[in-house]
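Worksheet: the structure to be examined is printed underneath.
The values are calculated or read from the model by the stated rules, or taken from the named source; none is laboratory data. Source: prediction; values computed, not measured. Note that each Cβ is placed from the backbone with ideal geometry, even for glycine, and that neighbours are counted across all protein chains shown.
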Amino acid sequence: MNRPFLILLGVIGVTVPLLLSSPAHAVNPDEILSNTVLEERARDISQELRCLVCQNQSIDDSDADLARDLRVLVRERLVAGDTDQQVIDYIVARYGDYVLLNPPLKPETYVLWASPIVLAILALIAVAAFYRRKQRESGAKPDKLSKDEQTRLNEILETAQKDGSK
Amino acid sequence: MRFSLAVIPLVLFAALAGIFLINIDKDSSVVPSVLIDKPAPDFSLPPLPGADKGLSRADLTKGKVSVLNVFASWCIPCRAEHPMIKRLSNEADVPIFGLNYKEKDPQDGVKWLEELGNPYQAVGMDLSGRTGIDFGVYGVPETFIIDGQGQIKYKHIGPVTSEVLEKVLLPKIAELKG
């Protein structure tokens, strides 16, 4: 088997199980609402909210005490009739945009949102410049030897022949 | 052309080094509060068992700068910072209020204050942690400085050390008292 094939096999072997497996959730049975529609909405909202104690987990994934309190709070607001956006605004009013795992597009986050695009454009420009230079360099070299070079080559070959025939 | 290309890594390195230098003292786990310069949330908490006065928003709007310290008996850093809260009550002439956050048993807060001393003018018991959430509390201990009109002016996250007390809290309180 060739190398690229092995690498491809490895990549598939790692990513497919990761995609198929669902991440572990921390929601306790006693938190789950009997209304499945509301529960579904609560799960969706919880997955968008960052747990401030563990910071890189959503409150849906986190076992932290505060995450649990916030999950219960989200469900309470939904039962009270809040829309999804109202629930999210309620949490953001207390903890700030930082709790949103998906940062909103606003003046403070323009740099954050624009940087991948800017970097991609810069990378494209760099690659284009590299290939253009390569092309120019190979184009600059003539296919045939110049007269001087040809004479010099002949000289070398002659000497070599003479040496060889000695 | 060739020279300017060669300079790019150097410039990138200098820029990165600059960013790292600016952030070297920053604790990335500290999330700044969105409640700064906003009115403290409305709340009303019952007293600890045996105490006669709880804590409500009205206590924070009496025209005097005050401090609200969020603590819990199960919180080890709270134990560590407690002497500093006592110092604060001695050195700054402001009322200090306690928010006893999420005790498993109401008696835990009482025992804790009996053991370590009580620097608080009043303590509200937040068993559910809901008032804590309204204040944007995410890691005890937290210490709020609140102006006389009940506006949150500053929040310190984590234990108050003598350095924080002397260099941050006391000057901030003095500044607000004017």
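State all residues of the stretch B:39-52 that are over 14 Å from B:N100 (Cα atoms) and surrounded by 12 or more Cβ atoms within 10 Å (Cβ to Cβ); if no residue qualifies, say none. If you could, list the steps in order and put the result at the bottom.
To start, the set of residues in the stretch B:39-52 that are over 14 Å from B:N100 (Cα atoms) comprises B:39-42, B:50, B:52.
Matches in the stretch B:39-52: B:P39, B:A40, B:P41.
Within the stretch B:123-143, track down each residue that is assigned to a helix (DSSP H, G or I) and either in contact with a Pro (Cβ under 8 Å, 6 or more places away or on another chain) or more than 7 Å from every other protein chain (Cβ to nearest Cβ) (or both). Lay out the reasoning, then the answer.
Pass one, the stretch B:123-143, residues assigned to a helix (DSSP H, G or I): B:130-134.
Once the filter is applied, which keeps residues that are assigned to a helix (DSSP H, G or I) and either in contact with a Pro (Cβ under 8 Å, 6 or more places away or on another chain) or more than 7 Å from every other protein chain (Cβ to nearest Cβ) (or both), the stretch B:123-143 yields B:R130, B:T131, B:G132, B:D134.
Highlighted here are the helices (runs of 4 or more DSSP H) found entirely within the stretch A:53-166 that include at least 1 residues which are surrounded by 10 or more Cβ atoms within 10 Å (Cβ to Cβ) and outside the structural domain of A:R41 (by TED's automatic domain parsing): A:110-140, A:147-165.
Please work out if B:P77 is within 14 Å of another protein chain (Cβ to nearest Cβ), over 30 Å from A:D89 (Cβ atoms) and touching a residue at least 60 places away in the same chain (Cβ under 8 Å). Taking the combined requirement at face value, the residue satisfies it. Residue-level check: of (1) modelled with pLDDT under 95; (2) within 14 Å of chain A (Cβ to nearest Cβ), B:E91 misses just (2). For the stretch B:144-178, taking the residues that are assigned to a strand (DSSP E or B) and among the basic types (K, R), the one that is nearest to B:R57 (Cα to Cα) is identified as B:K153. Out of (1) under 15 Å from the mean Cα position of the chain (by Cα); (2) at positive phi, what's the single condition that is false for B:G178? If we test B:G178 against (1) under 15 Å from the mean Cα position of the chain (by Cα); (2) at positive phi, just (1) comes out false.
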